[in-house]
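As structure tokens, the structure follows; a few thoughts come after it.
The values are calculated or read from the model by the stated rules, or taken from the named source; none is laboratory data. Everything numeric in this text was worked out from a predicted model, so none of it was measured. Counting neighbours? That spans all protein chains shown, and the Cβs are built from the backbone with ideal geometry, glycine included.
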């Protein structure tokens with residue numbers, strides 16, 4: 001593998017000094033880019049795009065050709081694991097993901113096995129290898145997975161949900177069954193992320209999109225416990241280099257201290273808490289990634305630059321900050337606004353290092 | 001007006017001793033009750049139901065006839081103010097509220113005047129009078145309004161939103177215009193709540209459903225500032241009795257200390273933070289109302305009772321707790337589960353008083 005030419009992102013995750021604050025965006029390879037929409041059209045369905053290592057590589061690299069981003073992230077979906085478990089993932093237009101065979105009973109849970117990423121999910125590890133080769137050391141590549149709780153939410157509900165009545169029903173009334181499901185998922189995520197690391201992923205991120213709908217007690221027991229299990233099971237090193245891990249719970253601002261007790265290297269933070277306050281709370285235990293409101297990208301470039309400056313000032317001087325949005329970029333964003341954002345991070349952050 | 005036979009709720013809001021913890025539920029007059037669905041059918045549309053003081057009174061009292069609740073809440077909608085401003089509120093089946101004439105430009109904002117609750121919203125104050133009479137002192141009656149930020153969100157988006165791109169676009173790029181809109185709304189909410197108090201509301205609550213989508217900075221500037229203005233403008237007393245006020249921001253757990261600096265009497269708390277921790281943070285500045293996850297009502301009565309016990313223990317001994325759900329009750333809940341919940345609060349809480 002080629003030597004890494006830009007290691008700011010990995011250094012920041014490991015809380016080492018950098019020249020400027022590294023920056024990337026969740027869903028940076030996505031619908032706001034016309035070139036993404038063209039590749040997506042060529043591919044057919046969204047899952048066809050995920051399943052083609054060459055096309056997944058093409059869209060992964062597109063934002064890097066436009067912007068001086070400091071990391072690439074594997075183009076894939078958070079629901080590949082339940083799909084590999086045979087639940088029948090479908091993306092119906094305007095509806096979000098649905099599963100043809102949702103998990104509702106003890107029998108359904110018992111039928112699920114820990115996935116073998118080298119079989120059902122080989123298209124993902126193949127994509128990682130192809131992308132690493134194509135990157136040729138430009139920036140590091142991030143692998144990722146959904147968190148066990150978030151995967152379980154979709155698997156039990158069968159689709160996106162507003163109320164989470166089915167998954168919470170199982171959690172409240174059949175906690176042992178829910179733990180059995182979450183343990184199978186945590187073991188699967190460990191296998192999956194380690195396979196991505198062996199294929200060349202240089203950092204990994206766990207997305208807990210729905211942990212924020214839980215009480216503090218339930219979050220610790222049903223989400224964070226399994227993310228901690230994952231961090232414990234991860235390969236921490238590959239090709240002689242450390243492979244840092246990032247945990248992100250959307251709406252999890254109240255639990256940063258608990259999350260920092262897992263042995264992860266960094267926490268993703270959404271925009272609802274002040275990043276300087278978050279830094280005070282976690283101290284030197286972990287790096288922080290975030291946390292600009294994705295909606296600011298609808299505003300003028302001047303206003304975007306102002307917001308970048310505010311967040312950098314809030315984090316303050318020193319190591320341990322990866323700049324990012326607090327959630328994925330929206331499809332209607334003007335790509336020129338993204339340029340203003342990314343450039344502002346590098347321009348304004350030198351003074352803090 | 002008849003003497004109040006049960007003043008637990010008002011005493012708890014004022015942090016005075018009570019025999020057991022008072023309890024009510026957000027949306028307690030609602031679709032989970034078959035008798036509500038029958039009245040709703042008779043009324044015609046949802047807004048027809050809100051606009052009829054007699055039918056609004058009928059549904060307000062229905063849950064009190066089933067359960068030993070410690071408060072009644074006016075049956076109405078949070079969007080009556082923008083409707084009175086002429087925006088054309090519609091409820092289309094399965095879609096949530098929409099406005100025919102959303103607010104998008106400086107001209108649209110300038111065209112809005114502070115509402116006169118004795119004209120356009122007389123049906124609300126009439127409902128308050130009719131309900132107070134029908135209650136005959138059984139329990140206190142709560143009046144309410146949406147918060148300025150939450151009203152603005154619906155008014156600018158024109159409908160429910162996932163991304164808030166339009167309202168945040170106005171906030172980021174035209175902050176002065178947004179402040180003009182929010183100030184008109186805050187003045188209107190003051191008029192509206194004071195009219196409800198004069199008509200007989202014995203406590204008032206401001207629902208900030210969408211403050212939680214903001215950054216801390218934007219929350220203080222665009223939501224909390226205007227709720228504080230409202231608290232300052234409220235009549236604090238009527239018929240020689242204090243009229244306490246409650247502020248509730250869904251997803252606002254991070255900002256309780258800031259909210260407690262307004263001169264409100266109580267804060268509503270959703271289920272994502274521990275109520276004992278919330279109590280430690282606000283000290284004796286305010287009472288707390290909450291905070292059971294509404295989804296627990298899908299679980300078995302035994303599990304519901306367990307959760308009630310956990311929350312009461314978390315709050316601990318002493319004054320200042322009103323038990324409630326952390327958000328409105330869901331339409332699919334079994335009414336018998338509600339009975340288990342309400343009874344458990346009274347049964348288990350005596351030991352803490």
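Observations on the structure shown:
Matching residues to (1) more than 19 Å from residue B:92 (Cα to Cα); (2) within 18 Å of the chain's Cα centre (by Cα):
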{"residue": "B:14", "(1), (2)": "yes, yes"}
{"residue": "B:22", "(1), (2)": "yes, yes"}
{"residue": "B:27", "(1), (2)": "yes, yes"}
{"residue": "B:34", "(1), (2)": "yes, no"}
{"residue": "B:42", "(1), (2)": "no, no"}
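- Counting only residues that are in a strand (DSSP E or B) and over 16 Å from residue B:96 (Cα atoms), segment B:134-155 holds 5 of them.
- Test: residue in segment B:7-27 that is more than 22 Å from residue B:344 (Cβ to Cβ) and free of Cβ contacts under 8 Å to residues at least 60 places away in the same chain: no
- Candidates B:112, B:69 - the one that is surrounded by 15 or more Cβ atoms within 10 Å (Cβ to Cβ), within 30 Å of residue B:22 (Cα to Cα), at pLDDT 95 or above and touching a helix residue (DSSP H, G or I) at 6+ places or on another chain (Cβ under 9 Å): B:69
- Only one of B:129, B:76 that is under 25 Å from residue B:266 (Cα atoms) and outside any loop (DSSP other than H, G, I, E, B): B:129
- Among the criteria (1) closer than 19 Å to residue B:160 by Cα; (2) surrounded by 15 or more Cβ atoms within 10 Å (Cβ to Cβ); (3) touching a residue at least 60 places away in the same chain (Cβ under 8 Å), the one residue B:96 does not fulfil is (2).
- Only one entry in B:177, B:181 is surrounded by fewer than 22 Cβ atoms within 10 Å (Cβ to Cβ) and not in a loop (DSSP other than H, G, I, E, B), namely B:177.
- Some residue of segment B:342-351 being modelled with pLDDT of 95 or more and either assigned to a loop (DSSP other than H, G, I, E, B) or within 14 Å of another protein chain (Cβ to nearest Cβ) (or both): no
- Looking only at residues in segment A:131-169 that are surrounded by fewer than 22 Cβ atoms within 10 Å (Cβ to Cβ) and within 14 Å of chain B (Cβ to nearest Cβ), the one that is nearest to residue A:189 (Cα to Cα) is A:160.
- Against the test of being in a strand (DSSP E or B), touching a residue at least 40 places away in the same chain (Cβ under 8 Å) and more than 14 Å from every other protein chain (Cβ to nearest Cβ), the options B:204, B:189 yield a single qualifying residue, B:204.
Yes/no per residue for (1) away from chain A (no Cβ under 14 Å); (2) in contact with a strand residue (DSSP E or B) (Cβ under 9 Å, 6 or more places away or on another chain); (3) in a loop (DSSP other than H, G, I, E, B):
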residue: B:229; (1), (2), (3): yes, no, no
residue: B:257; (1), (2), (3): no, no, no
residue: B:264; (1), (2), (3): yes, yes, yes
residue: B:270; (1), (2), (3): no, yes, yes
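- Residues being over 30 Å from residue A:2 (Cα atoms), without any contact (Cβ under 8 Å) to a residue 24 or more places away in the chain and either more than 10 Å from chain B (Cβ to nearest Cβ) or touching a helix residue (DSSP H, G or I) at 6+ places or on another chain (Cβ under 8 Å) (or both) are represented in segment A:278-292 by at least one member.
- Taken over segment A:28-65, the criterion of being free of Cβ contacts under 8 Å to residues at least 60 places away in the same chain, assigned to a loop (DSSP other than H, G, I, E, B) and buried (at least 18 other Cβ atoms within 10 Å of the Cβ) is satisfied by A:29 alone.
- So residue B:307, is it within 11 Å of another protein chain (Cβ to nearest Cβ) and within 23 Å of residue A:219 (Cβ to Cβ): yes
- Set A:296, A:275, A:304: member being surrounded by fewer than 24 Cβ atoms within 10 Å (Cβ to Cβ) and either within 19 Å of residue A:347 (Cβ to Cβ) or over 23 Å from the mean Cα position of the chain (by Cα) (or both): A:304
- Sole residue being without any contact (Cβ under 8 Å) to a residue 24 or more places away in the chain and away from chain B (no Cβ under 14 Å), chosen from A:240, A:320, A:316: A:240
- Residues within segment A:207-227 that are within 14 Å of chain B (Cβ to nearest Cβ) and in a strand (DSSP E or B), tallied: 1
- Single match in B:198, B:176 (criterion: over 25 Å from residue A:275 (Cβ atoms), at pLDDT 95 or above and within 14 Å of chain A (Cβ to nearest Cβ)): B:176
- Filtered by the rule that a residue be touching a strand residue (DSSP E or B) at 6+ places or on another chain (Cβ under 7 Å) and surrounded by 13 or more Cβ atoms within 10 Å (Cβ to Cβ), segment A:99-109 gives a lone residue, A:99.
- Single condition residue A:251 does not satisfy, out of (1) outside any helix (DSSP H, G or I); (2) out of contact with any helix residue (DSSP H, G or I) (no Cβ under 8 Å at 6 or more places or on another chain); (3) within 12 Å of another protein chain (Cβ to nearest Cβ): (2)
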